[in-house]
1. Against the condition open to solvent by 40 Å² or more (accessible area, probe 1.4 Å), free of Cβ contacts under 8 Å to residues at least 60 places away in the same chain, assigned to a helix (DSSP H, G or I) and closer than 30 Å to residue 36 by Cα, how does residue 300 come out, does it pass?
2. Testing residue 375 on (1) buried (at least 21 other Cβ atoms within 10 Å of the Cβ); (2) touching a residue at least 60 places away in the same chain (Cβ under 8 Å), one condition comes back false. Which one is that?
3. Restricting attention to the stretch 132-170, report how many residues are among the polar types (S, T, N, Q) and either over 22 Å from residue 331 (Cα atoms) or modelled with pLDDT under 95 (or both).
4. Go through the stretch 270-286 and give me each residue that's aliphatic (A, V, I, L, M) and buried (at least 21 other Cβ atoms within 10 Å of the Cβ).
5. Please enumerate the residues belonging to the stretch 303-314 that are of a type outside the set (A, V, I, L, M, F, W, C) and open to solvent by less than 10 Å² (accessible area, probe 1.4 Å).
6. Residues that are in contact with a strand residue (DSSP E or B) (Cβ under 7 Å, 6 or more places away or on another chain) and within 15 Å of residue 214 (Cβ to Cβ): does the stretch 312-320 have at least one?
7. Hey, can you tell me all the residues within the stretch 272-287 that are in a helix (DSSP H, G or I) and in contact with a Gly (Cβ under 8 Å, 6 or more places away or on another chain)?
Amino acid sequence: MDKRVVITGVGGLCALGSNAASIWRGMCAGISAIGPISNAELYELDGIIGAEIKVLPEHDICRKQLASMDRFSLLAVLAAREAVEQAGLSCDEWNANRCGATVGVGICGSEAVEENYRALLVDGAKRTGILTVPRVMPGAAAGQVSIHLGLRGPVFGVTAACASANNAIASAVDLIRLGRADVMIAGGSDAPLVWGVLKSWEALRVLAPDTCRPFSADRKGVVLGEGAGMAVLESYQHAKARGATILAEIAGIGLSADAFHIVAPIAEGPEAAMRQCLQDAGLNADDVDYLNAHGTGTKANDEVETAAIKRVFGDHTRSMSVSSTKSMHGHCLGAASALEMIACVMAIRDGIVPPTANYNEHDPKCDLDVTPNVPRERGIRVALSNAFAMGGTNAVLAFRQV
C-alpha cells in the first residue's frame, strides 16, 4: 500500500480548448468560455447558457465505431488518446493485461436518451436505435477507452455525480497501489447539454442566467458545460523504468459522505474529505500552496465550501491560493474534477494559479484568496482538488511536485 502513483500524461477537451495545452492557456488567460448554446435541438430553452464545445477536434474514428458511442464516450476516448500520446505509452500483448481504465460520468448517455425518447414519443417511432443500450450505460466510456487503446486490465465506469472523476482517479490509484495494474487511464467525461438535462436543471432553480461567478457576492448559480479530462497514472517504479516524464504525483486521497441531504450541502463532509486527503498524503495544512475549489457559483455551495476550507486550513487559509476554474469551463458534472485535475497538474508544472473569472464583488462569507480574474505566479509544490457532489459525496485529491 506504500506504492507511489504518478501522472505521466494528460489529455482533455472542453469549451476552453480541444486539448490539454489549449485548455490550460485559456485558464491562464482568464477566458470564460460560457455563452449561448448553438445546439439547434434545444427547442424552447432559448436563453439558457452553457460552456459548449463548438467544434470537435479531427479524429480517425470511423462511422461504424461512432454509431456505438454517445458523445460522452467519444470525448473520453479523444482525451485518453491525447494523454497516452503525451505519456509516450504503448499497450501491446506484453503489457495490455496490466493496463486499465476508470472513467467517471455524471449524467451518461444524454444524447442517446434524448434522441430515442423524441423518436418514440414525438415522432411516433416503434422502436429505439439498436445500439441505445451500449451508448447509454455508465461504463460505456471506460469500455470505449479500453477498446480504442487495447487495454485489458481493470476497466469500469464510476458514477458519483459531480465528484465522479475524482472518484475514478482515486479508484485507479488504489488499483495501482494494490498491484492490480501498473498503468491506469483515469478521469471523467460528460456531455449534458441536451434539452431534457437542461430542462431538469432549470427546474432546480440553480442555473445562472448570465455567467458563473464563484465566490463573488453577486453570483447567481451554476452554468453547465461539457468536456472530458484523462490522465495516465503509473506506479513510480514503472514510470521511471521506462524513462517517462513525470508531471506530478498523486500524493493523497480523501473520500467522505455528508449523510445529510440529497442536494443541500454541509461543511462536515467536505471537511472530513480534505482532512483525510492530507493525512493520506502525509501533509500538513500549511504544505498546500493551491486549492482548486469545487466552486459552483451557487450561494449555498460556495459558503459551505469556504467554511470547510477554513476549518481545515485555519490561519494558513489567508496565505493559500484558491480558485474555481468552473468560472471558465462551466460545471462539466462527471468531467468537472478531471478538468480541474489538469489545472492542478499544470499549476504545479508552470507555477501559475489560474484565476476565478467573472469575479465582481467580495462576499464576507467567502473570504478566501480566490485569485480574482487574473492569474498569479507562485511556486506550487502541492495542489488540492475539491469535488463535492449532490448526494453528499466528497472526493479530494492531493497532487505533489516530483
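The values are calculated or read from the model by the stated rules, or taken from the named source; none is laboratory data. A quick note: this is a predicted structure, and the numbers were derived from the prediction, not measured. Glycine also receives a Cβ, built like all others from the backbone with ideal geometry; neighbour counts cover every protein chain displayed. Calculation scope for accessible area: heavy atoms of the full protein, side chains included, ligands and nucleic acids excluded. Shrake-Rupley method; radii C 1.70, N 1.55, O 1.52, S 1.80 Å.
1. Values: open to solvent by 40 Å² or more (accessible area, probe 1.4 Å): yes; free of Cβ contacts under 8 Å to residues at least 60 places away in the same chain: yes; assigned to a helix (DSSP H, G or I): yes; closer than 30 Å to residue 36 by Cα: yes.
In short, yes.
2. The single condition residue 375 does not satisfy is (1).
3. Initial filter on the stretch 132-170 (among the polar types (S, T, N, Q)): 132, 144, 146, 159, 164, 166-167.
Now restrict to residues that are either over 22 Å from residue 331 (Cα atoms) or modelled with pLDDT under 95 (or both): 132, 144, 146.
Summing the residues that are among the polar types (S, T, N, Q) and either over 22 Å from residue 331 (Cα atoms) or modelled with pLDDT under 95 (or both) in the stretch 132-170 gives 3.
4. Filtering the stretch 270-286 for residues aliphatic (A, V, I, L, M) gives 272-274, 278, 281, 283, 285.
Listed by number, the residues that qualify are 273, 274, 278, 281.
5. Step one: list which residues in the stretch 303-314 are of a type outside the set (A, V, I, L, M, F, W, C), which gives 303, 305-306, 310-311, 314.
Of everything in the stretch 303-314, those that are of a type outside the set (A, V, I, L, M, F, W, C) and open to solvent by less than 10 Å² (accessible area, probe 1.4 Å) turn out to be 305, 306.
6. Restricting attention to the stretch 312-320, the residues satisfying the condition of being in contact with a strand residue (DSSP E or B) (Cβ under 7 Å, 6 or more places away or on another chain) are 320.
Keeping just the survivors that are within 15 Å of residue 214 (Cβ to Cβ) gives none.
Checked the stretch 312-320: no residue is in contact with a strand residue (DSSP E or B) (Cβ under 7 Å, 6 or more places away or on another chain) and within 15 Å of residue 214 (Cβ to Cβ).
7. Within the stretch 272-287, the first condition is being in a helix (DSSP H, G or I), and the residues that meet it are 272-281, 285-287.
If the condition is that a residue be in a helix (DSSP H, G or I) and in contact with a Gly (Cβ under 8 Å, 6 or more places away or on another chain), then 272, 273, 274, 275, 276, 277, 278, 279, 280, 281, 285 are the ones that fit.
Conditions tested, residue by residue: (1) farther than 30 Å from residue 74 by Cα; (2) of a type in the set (Lys, Arg).
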position: 326; (1), (2): no, yes
position: 337; (1), (2): no, no
position: 343; (1), (2): no, no
position: 356; (1), (2): no, no
position: 370; (1), (2): yes, no
position: 375; (1), (2): yes, no
position: 387; (1), (2): no, no
